[in-house]
Amino acid sequence: MRNEKAENTAEKLDETVAKSENSGIMKTRDVSGLEQAKKRDRKIFITESAINKVDFVKPKDFSDTQASLMMSKNKELLNVAKNQNNSNEVLFIENLDFNNEVRILGDEFVVSPAKNPFAVSIIANAKRQSLVYLHNHPSTNTFSIGDIDTFVCERAIKAISVVTNQGEVYILNKLDNYSFDGTRKLLTEIYNSYPEGEIDDKDFVKKFLRRCREGGIEYAKSK
């Protein structure tokens, strides 16, 4: 028997996820990209001090070597953004050994794998949880709802990191007990906690990060 209320809620959540004007939500169905949560947030230009600030963050099931390579890649990413992209968004797509990199340059609010045929091919042919997405946010934002939606829905992604233009690092990582259905249920529950049309993007993200372990997701960040 269909649960029409649940289906309607899921459709509304997907509609929320599809809006991109100010919500910074990625449209995963067409691999449209990683968008800032709030376009009104002030862009911060990257400095050498910010790059040097990037810290070692070790997800639970990553080795010390993997975590060190991730730190190096985040520093390199900020260097690329600073020197080649006017401190705007850059996306690195890496394998778990961090030796098979795809680089994509975006604008201040979005970086889109869909514009890079090689990236689209890598994503489409990747094994389950075999990729790491690393990208910067030109403001001090952590994850956007779009980042979370892409991380949850894209089966190839194992971990996703945000490094802000001030050098803070935030990571989401799918653990062995990761549950797509459980995580989507959590997202729907958070969505339903807001009055119709009154979703606060930053508050939504905070609520998800506090509870993401319920879906088998680790949240880690620099100190």
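Of all residues in segment 202-218, those that are under 21 Å from ARG155 (Cβ atoms) have Cβ atoms under 6 Å from Cβ atoms of residues that are among the aliphatic types (A, V, I, L, M) and not in a helix (DSSP H, G or I), 6 or more apart or on another chain, in GLY216/LEU175; ILE217/LEU172; GLU218/LEU175. Set side by side, the residues SER193, SER121, SER179, SER139 differ, and just one is of a type in the set (Ser, Thr, Tyr) and under 17 Å from SER222 (Cα atoms), which is SER139.
Residue under question is GLU94, and the condition is that it be within 30 Å of GLY182 (Cα to Cα) and in contact with a strand residue (DSSP E or B) (Cβ under 7 Å, 6 or more places away or on another chain); does it hold? Yes: the conditions hold for GLU94. Quick one: which residue in ASN74, ASN99, ASN52, ASN88 is of a type outside the set (A, V, I, L, M), out of contact with any strand residue (DSSP E or B) (no Cβ under 8 Å at 6 or more places or on another chain) and at pLDDT 95 or above? Every option except ASN52 fails the conditions. For ALA220, the conditions (1) crowded, with 16+ Cβ neighbours inside 10 Å; (2) of a type in the set (Gly, Ala, Ser); (3) in a helix (DSSP H, G or I) are fulfilled apart from (3).
Taking segment 88-104 as the range and being surrounded by fewer than 20 Cβ atoms within 10 Å (Cβ to Cβ) and in a loop (DSSP other than H, G, I, E, B) as the test, the residues that pass are LEU96, ASP97, PHE98, ASN99, ASN100, GLU101.
Taking the criterion of being more than 20 Å from ASP61 (Cα to Cα) and out of contact with any helix residue (DSSP H, G or I) (no Cβ under 6 Å at 6 or more places or on another chain), would at least one residue in segment 149-162 satisfy it? Checked segment 149-162: no residue is more than 20 Å from ASP61 (Cα to Cα) and out of contact with any helix residue (DSSP H, G or I) (no Cβ under 6 Å at 6 or more places or on another chain). Taking the criterion of being of a type in the set (A, V, I, L, M, F, W, C) and over 20 Å from ALA220 (Cβ atoms), the residues of segment 52-106 that qualify are VAL80, ALA81, VAL90, VAL102, ILE104, LEU105.
Of the residues ALA10, ALA6, the single one that is in contact with a helix residue (DSSP H, G or I) (Cβ under 9 Å, 6 or more places away or on another chain), surrounded by 16 or more Cβ atoms within 10 Å (Cβ to Cβ), modelled with pLDDT under 95 and assigned to a helix (DSSP H, G or I) is ALA10. State which residue is surrounded by the fewest Cβ atoms within 10 Å (Cβ to Cβ) when the search covers only segment 64-87 and only residues that are in a helix (DSSP H, G or I) and touching a helix residue (DSSP H, G or I) at 6+ places or on another chain (Cβ under 8 Å). Ranking the qualifying residues of segment 64-87, first place goes to ASN79.
The values are calculated or read from the model by the stated rules, or taken from the named source; none is laboratory data. Being a predicted model, the structure only gives us computed values, none of them experimental. With ideal geometry, Cβ positions are generated from the backbone for all residues, glycine too; neighbour counts draw on all protein chains shown.
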